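Only one structure is covered here, and it is reproduced in the block below.
The values are calculated or read from the model by the stated rules, or taken from the named source; none is laboratory data. Predicted, not measured: the structure shown is a model, and the values here were computed from it. Here Cβ is always computed from backbone atoms with ideal geometry, including for glycine, and neighbour counts include all displayed protein chains.
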Amino acid sequence: MTNIPVQEPERQYYYIEKAKEYVQKAAKEAGRPLTFCVTTFGCQMNARDSEKLVGILEKIGYQEETVEEKADFVIYNTCTVRENANMRVYGRLGQLKRMKKKNPHMLIGLCGCMMQEPHVVEKLKTSYKFVDIIFGTHNIYKFAELIVTRYESQRMVIDIWKDTDKIVEDLPSERKFAFKSGVNIMFGCNNFCSYCIVPYVRGRERSRNPKDIIREIERLVADGVVEVMLLGQNVNSYGKNLEEPMSFAQLLEEIEKIEGLERIRFMTSHPKDLSDDLIAVMKKSKKICKHLHLPVQSGSTEILKKMNRRYTKEQYLELVQKIKTAVPDISLTTDIIVGFPGETEEDFLETMDVIKKVRYDSAFTFIYSKRTGTPAATMENQIPEDVVKDRFDRLLKEVQDISAEVCGVHEGTVQSVLVESINDHDDSLVTGRMSNNLLVHFPGNENLIGKIVNVHLKECKGFYYLGEMD
Ligand code: 5AD
Ligand code: SF4
């Protein structure tokens, strides 16, 4: 018997080789290469995790198939931040069951945040027995090992960890874009906002070692990446639990030094932890993009307290002022929840007031969704649906009116733009992203993809621009 390595990532490279043999055998039986399709729900963290899944799948010999119905291995990387995301997964699983009956080689894998909820796994075990592999957010890196277990046991494989203090580095991953990439800088969240399920499904805050982050970015740059998005639930508290503590501002200064890297973005910032040092670094940086996503959630101090956000309306507005003074052309975006338990019309008007004062470039608006296990789920005074809907519509209209005005202010200017793709609707145009995260479409061809060029913004079309290369 071979000795299976106990150390990671060596252990996973062992299982990748082993999985490759099983996949080869199955492909031979099928008389064709086997294919996979990974569908990602939810946030950028999940998108990054999916790249890791794809990396492993390609290493073990599966080929990518974009049409789910045709794939031999369908994986859903799930989200559970709001209830409707869960319902969508159950709905789609029903369809997969029919497909599986027709394809003897088909496997179904489920992972991500939803799997960290025990009641979900119970339901899958009893009513969705055709699912092959179920794993969570902490053990994505074990994907090859789980696939091998599935091939060897022929039974449903379930591996969910409640939490972890482990960060496994250096596993394969397949980037969606050649020129930009997400980079995890930390995992988990310690904030326990009272409506949010993330701390329960993503576990406690863990920061990656700065050396590992820098090394990853250097490798990405050597491989053609010019823009990175640093990812964490609360990047502003980066580094607190490291052996040698380091702040997020300090990390950014180190990343700035990487030669060949042109742009740095990050997400998400919690207002309570956003330091003056960070603002100073953003002000002097040549690479940090002029965009800050700063979720406010509510404009009412009373509701913010019940949400356990640990700032007041006034503190938030003061912070915004400080940022706008330091970086005048910054684009601000936010997340807002309407209908949190106990939200009165007055509370809601406070939120509207913040929107009018800050004038966000864009805002993601959410209807409060009750998540079992969170403190807010059992709070009194849940708001009736019709009241929430009415507030939501009013909020959305205000947000959209303001953002159309705010986005229009750059008309006539020349901006540096990273070209991302050929335009979806007109292939004589390319689509690029400005530092402030707005999109612009302009005449060009695929040779421009991945390049940073100067573009004259001729006309604002509400949320995007039409332009011409300068
Ligand atoms: N209901 C509605 N929106 C929520 N969010 C998080 N939890 C909930 C919930 N229970 C929103 C927050 C967060 C974004 C990612 O999702 O606005 O910033
Ligand atoms: Fe959820 Fe709050 Fe953590 Fe964001 S900071 S993930 S909203 S608990």
Conditions first: (1) closer than 24 Å to MET434 by Cα; (2) touching a strand residue (DSSP E or B) at 6+ places or on another chain (Cβ under 6 Å); (3) away from ligand 2 (no atom under 16 Å from the Cβ). LYS324 passes all but one, so which condition is the exception? (2)
Can you find, within region 300-320, the residue that is nearest to MET379 (Cα to Cα) among those that are away from ligand 2 (no atom under 16 Å from the Cβ) and surrounded by 19 or more Cβ atoms within 10 Å (Cβ to Cβ)? SER300
Note on region 109-133: residues of a type outside the set (A, V, I, L, M), under 26 Å from the mean Cα position of the chain (by Cα) and in a loop (DSSP other than H, G, I, E, B) are GLU117, ASP132
Selection count where residues are under 17 Å from ILE355 (Cα atoms) and not in a helix (DSSP H, G or I), scope region 389-445: 0
Taking interchain pairs and intrachain pairs at least six residues apart, which have beta carbon atoms under 8 angstrom, with the first residue in region 60-73 and within 19 Å of TYR141 (Cβ to Cβ) and the second among the small types (Gly, Ala, Ser) and not in a helix (DSSP H, G or I)? PHE73/GLY109
Can you pull out the residues in region 1-55 that are part of a strand (DSSP E or B) and of a type in the set (Ser, Thr, Tyr)? THR35, THR39, THR40
Evaluate region 109-122: report whether one residue or more is of a type in the set (D, E, K, R), without any contact (Cβ under 8 Å) to a residue 24 or more places away in the chain and surrounded by fewer than 19 Cβ atoms within 10 Å (Cβ to Cβ). yes
Name the pairs whose Cβ atoms lie under 7 Å apart, with the first residue in region 436-454 and under 16 Å from GLU262 (Cα atoms), the second of a type in the set (S, T, N, Q), and 6 or more positions between them or separate chains? ASN436/SER331; ASN437/SER331; ILE449/SER421; ILE452/SER416; ASN454/SER416
Going through PHE192, PHE266 one at a time, which residue ends up being surrounded by fewer than 16 Cβ atoms within 10 Å (Cβ to Cβ) and either closer than 18 Å to ASP335 by Cβ or among the small types (Gly, Ala, Ser) (or both)? PHE192
Working carefully through the options ASP424, ASP393, find the one that is touching a strand residue (DSSP E or B) at 6+ places or on another chain (Cβ under 8 Å) and loosely packed, with under 15 Cβ neighbours inside 10 Å. ASP424
Among (1) at pLDDT below 95; (2) of a type outside the set (Asp, Glu); (3) within 16 Å of ligand 1 (Cβ to nearest atom), where does LYS162 come up short? (3)
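Rundown of residues vs (1) at pLDDT below 95; (2) crowded, with 21+ Cβ neighbours inside 10 Å; (3) in contact with a Phe, Trp or Tyr (Cβ under 7 Å, 6 or more places away or on another chain), yes/no style:
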| position | (1), (2), (3) |
| --- | --- |
| ILE133 | no, no, no |
| TYR151 | no, no, yes |
| ARG155 | yes, no, no |
| LEU171 | yes, no, yes |
| LYS176 | yes, no, no |
| LYS180 | no, yes, no |
Being in contact (Cβ under 8 Å) with a residue 40 or more places away in the chain, assigned to a helix (DSSP H, G or I), crowded, with 16+ Cβ neighbours inside 10 Å and not polar (S, T, N, Q), is that true of even one residue in region 93-108? no
Scope region 168-199; condition away from ligand 2 (no atom under 16 Å from the Cβ), in a loop (DSSP other than H, G, I, E, B) and under 22 Å from GLY109 (Cβ atoms); matching residues: VAL168, LEU171, PRO172, SER173, GLU174, ARG175, LYS176
Whichever residue in region 342-358 is of a type in the set (D, E, K, R) and surrounded by 15 or more Cβ atoms within 10 Å (Cβ to Cβ) and, among such residues, is nearest to ligand 1 (Cβ to nearest atom): GLU343
Determine, yes or no, whether LYS370 is within 16 Å of ligand 2 (Cβ to nearest atom), within 30 Å of GLU117 (Cα to Cα) and surrounded by fewer than 17 Cβ atoms within 10 Å (Cβ to Cβ). yes
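Looking at GLU216, GLU205, can you tell me which residue is touching a Gly at 6+ places or on another chain (Cβ under 7 Å), buried (at least 16 other Cβ atoms within 10 Å of the Cβ) and among the acidic types (Asp, Glu)?
When all the criteria are applied, what remains is GLU205.
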Mind checking which residues of region 343-382 are outside any strand (DSSP E or B), of a type in the set (S, T, N, Q) and either touching a strand residue (DSSP E or B) at 6+ places or on another chain (Cβ under 9 Å) or modelled with pLDDT of 95 or more (or both)? THR344, THR351, SER369, THR374, THR378
Pull out all pairs, ordered by first then second residue, where Cβ-Cβ is under 6 Å, the residues are six or more apart or on different chains, the first lies in region 330-347 and is over 30 Å from VAL409 (Cα atoms), and the second is within 16 Å of ligand 1 (Cβ to nearest atom) and at pLDDT below 95. PRO341/ASN381; PRO341/GLN382; GLY342/ASN381
When every residue in region 373-398 that is touching a residue at least 60 places away in the same chain (Cβ under 8 Å) and more than 15 Å from GLY342 (Cα to Cα) is compared, the one nearest to ligand 2 (Cβ to nearest atom) is THR374
